[in-house]
Ligand SMILES: [Zn+2]
């Protein structure tokens, strides 16, 4: 296989490749630290990636990264509290430099609810200002006295009952740079995507990108808090960075083409919903979901993004419903059981909550 086709193949299929298969395809020795989910993966000197396990509450749920600077460690995403403890332990086994910063790529529980654990370990949660705006919208238990998402998630996650929501307290309105001369990390908000408050971490020297859930690698997309139309445009801005390695918010790490794949999935979803549903009433439109699912499943580039889940927030039906609403202003009402929606708001946990 040529280098290019190898790369394309890997980018399209890493979700289903074992480490051994991937290494064999790459045709080289196993790079030091390269590992499967649940293992710290050294991707460049001082730069680590850790793939979470979406189906295991006790493990790290979202993907994490960390960069060991000369004087401190910057962690990408706080994870849930259980995940935060796990990641802190892994970092501690590699370096005794202080963990100073935990960057929340967005406000969701699997990326930000571990903030308090980081604070107790001497770090400060950092985020784009939009994360606070999103928390004010959804974390009504913290900002008001009305139970919000944290309280809903605490019913399903024991690790939330011994800690508390800690909103980020170091905020940036556009970007924020960490640079000690050796390493440089640029935190940047590039537009509305998975939420209204997403930011990515860009390492220009190594051309490594940590996307948070602006990009995932597998059936993990949740569109409910974002805007799918704007998401497609934001991915254009992300692609302009020109990364070589892309560490997504969920799923195996990949290369630049994962951004194309994620974007192609949403483009196809918008086209299909536009063509088959937009002129129909919510009741009629619902009957088209399975045919849209089959069409997208038949497209090799994006098939891995099509969730098999019948209900729940990252189900295919809820993604279709979000796009239908964006295009028509109407809800696919029967899909959205609001009580269930609220209950799974965080424990959706990308596959954890029962449908
Ligand atoms: Zn998320």
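A short reminder: the numbers here are calculations on the coordinates, not readings from a lab. Note that this is a predicted model, so its numbers are computed, not measured.
If you scale each eigenvalue of the Cα gyration tensor by 5 and take the root, what three semi-axes come out for segment 170-260, rounded to whole angstrom and sorted largest first?
Each semi-axis is the square root of five times an eigenvalue, giving 21, 16, 11 Å.
Can you tell me how segment 39-95 classifies by the Cα gyration tensor, rounded, prolate or oblate, using a/c under 1.5 as the rounded cut?
Working: a/c = 2.20, a/b = 1.73, b/c = 1.27.
Because a/c hits 1.5 or more and a/b exceeds b/c, segment 39-95 counts as prolate.
Using only alpha-carbon positions, what ratio does the radius of gyration of segment 221-298 give when scaled by 2.2 N^0.38 Å?
1.26
Based solely on C-alpha atoms, express the radius of gyration and the Dmax of segment 102-213 in angstrom.
Expressed in Å, the Cα Rg and Dmax of segment 102-213 come to 14.6, 46.
Give the distance, in whole Å, between the Cα centre of segment 291-324 and the Cα centre of segment 97-148.
Centre-to-centre distance over Cα atoms comes out at 30 Å.
Just want to confirm a number: the relative contact order over segment 156-263, from Cα pairs under 8 angstrom separated by 6+ residues, in percent.
Contact order relative to length: 22 percent.
First check a/c for segment 81-131, with a ≥ b ≥ c the square roots of the eigenvalues of its C-alpha gyration tensor; if it is under 1.5, answer rounded, and if not, answer prolate when a/b is larger than b/c or oblate otherwise.
Here segment 81-131 falls in the prolate category.
With a Cα-only, solvent-free Debye model of segment 143-295, what are the log10 I(q)/I(0) values at q = 0.10, 0.14, 0.17, 0.21 Å⁻¹?
-0.49, -0.87, -1.09, -1.27
Percent of Cα-Cα pairs per 10 Å bin, from 0 to the last occupied bin, for segment 142-208, please list those.
The calculated distribution, bin by bin, is 16, 31, 30, 20, 3.
If you split all Cα-Cα distances of segment 253-304 into 10 Å bins from zero, what percentages do you get per bin, shortest first?
Computed distribution, short to long bins: 25, 45, 23, 7, 0.
Can you bin segment 116-159 into rounded, prolate or oblate? Criterion: square roots of the alpha carbon gyration tensor eigenvalues sorted a ≥ b ≥ c, rounded for a/c under 1.5, prolate for a/b above b/c, oblate for the rest.
Because a/c hits 1.5 or more and a/b fails to exceed b/c, segment 116-159 counts as oblate.
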